[in-house]
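Contents: one structure, followed by commentary.
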Amino acid sequence: MSAFKDISPYLSREFHFTELEIARIRYVIISFISETSKLAILFTAFSLMNRQKELLVAILVLLSIRNFTGGIHLSHYLSCLLFTFSFLLSTIILAELCFLSLWIQILCLTAGIFIIGIIGPVSSDRRPAPSRKKGNVFRIIACAVLLFYILLLLNVKYFPFRNLIFWVSILQILQLVAAKLIKERKQHYEKIHKNIPV
């Protein structure tokens, strides 16, 4: 983002932004461009497979949970894009090929509520962890979202994306568990290396 660096002095001079405020503005702009371009690439790829509707539903369901639980975060643009593509494609394939009975789905999603209640949310290492109060709020919202999906499955029998909602929810819960294990392992190794005398 060399173009942004060029206007940083202008923002500082004309609007009296501090370096921290300029860094935040830069982060928002880069994040917006990054996420928008990834969304455009994903939409193009899934359009070629004639799965645009499935992609949009999968993204909406994923965001409704992931925004409050966190998950695996990758540092590089390409690795993040490939992981997201693989995740979404997996949910669509599973939704089309793997059908579980309603009560197994309800049981799995109920277990997911307990898992989120115990280990969520898992924040990125590049962002500060939410406060205890905010973490509890996120946890409650995520559990409420899953409860809503359970009620949807129980009460709407002919909803065309029922199975997709289920598999996106389940894979996101599994991703949350993986993120928690990865974070704990990293913290464990950091603690060991910190205590090793140089």
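The values are calculated or read from the model by the stated rules, or taken from the named source; none is laboratory data. Note that this is a predicted model, so its numbers are computed, not measured. Glycine also receives a Cβ, built like all others from the backbone with ideal geometry; neighbour counts cover every protein chain displayed. For accessibility, only protein heavy atoms count, side chains too; no ligands or nucleic acids. Shrake-Rupley method; radii C 1.70, N 1.55, O 1.52, S 1.80 Å.
Quick notes
- Restricting attention to segment 59-97, the residues that are closer than 13 Å to Arg162 by Cα and either open to solvent by less than 40 Å² (accessible area, probe 1.4 Å) or under 11 Å from the mean Cα position of the chain (by Cα) (or both) add up to 4.
- Total residues in segment 153-181, condition open to solvent by 40 Å² or more (accessible area, probe 1.4 Å) and either over 16 Å from the mean Cα position of the chain (by Cα) or free of Cβ contacts under 8 Å to residues at least 40 places away in the same chain (or both): 11
- Exactly one residue out of Lys191, Lys183 is in contact with a strand residue (DSSP E or B) (Cβ under 9 Å, 6 or more places away or on another chain) and assigned to a helix (DSSP H, G or I), and it is Lys183.
- Candidate set: segment 116-125, residues that are touching a residue at least 12 places away in the same chain (Cβ under 8 Å) and assigned to a helix (DSSP H, G or I); chosen: the one nearest to Ser75 (Cα to Cα): Ile119
- Residues being in contact with a Phe, Trp or Tyr (Cβ under 8 Å, 6 or more places away or on another chain), under 17 Å from Arg66 (Cβ atoms), modelled with pLDDT of 85 or more and part of a loop (DSSP other than H, G, I, E, B) are entirely absent from segment 164-174.
- Enumeration of residues in segment 18-53 that are open to solvent by 80 Å² or more (accessible area, probe 1.4 Å) and not in a helix (DSSP H, G or I): Asn50
Residue by residue, here is whether (1) in a loop (DSSP other than H, G, I, E, B); (2) more than 18 Å from Gly71 (Cα to Cα); (3) not basic (Lys, Arg) holds:
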{"residue": "Ser86", "(1), (2), (3)": "no, no, yes"}
{"residue": "Leu89", "(1), (2), (3)": "no, no, yes"}
{"residue": "Leu94", "(1), (2), (3)": "no, yes, yes"}
{"residue": "Ala111", "(1), (2), (3)": "no, no, yes"}
{"residue": "Phe114", "(1), (2), (3)": "no, no, yes"}
{"residue": "Arg127", "(1), (2), (3)": "yes, no, no"}
{"residue": "Lys134", "(1), (2), (3)": "no, no, no"}
{"residue": "Cys143", "(1), (2), (3)": "no, no, yes"}
{"residue": "Leu147", "(1), (2), (3)": "no, yes, yes"}
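- Exactly one residue among Phe32, Phe87, Phe99 is within 13 Å of Leu171 (Cβ to Cβ) and aromatic (Phe, Trp, Tyr), and that residue is Phe87.
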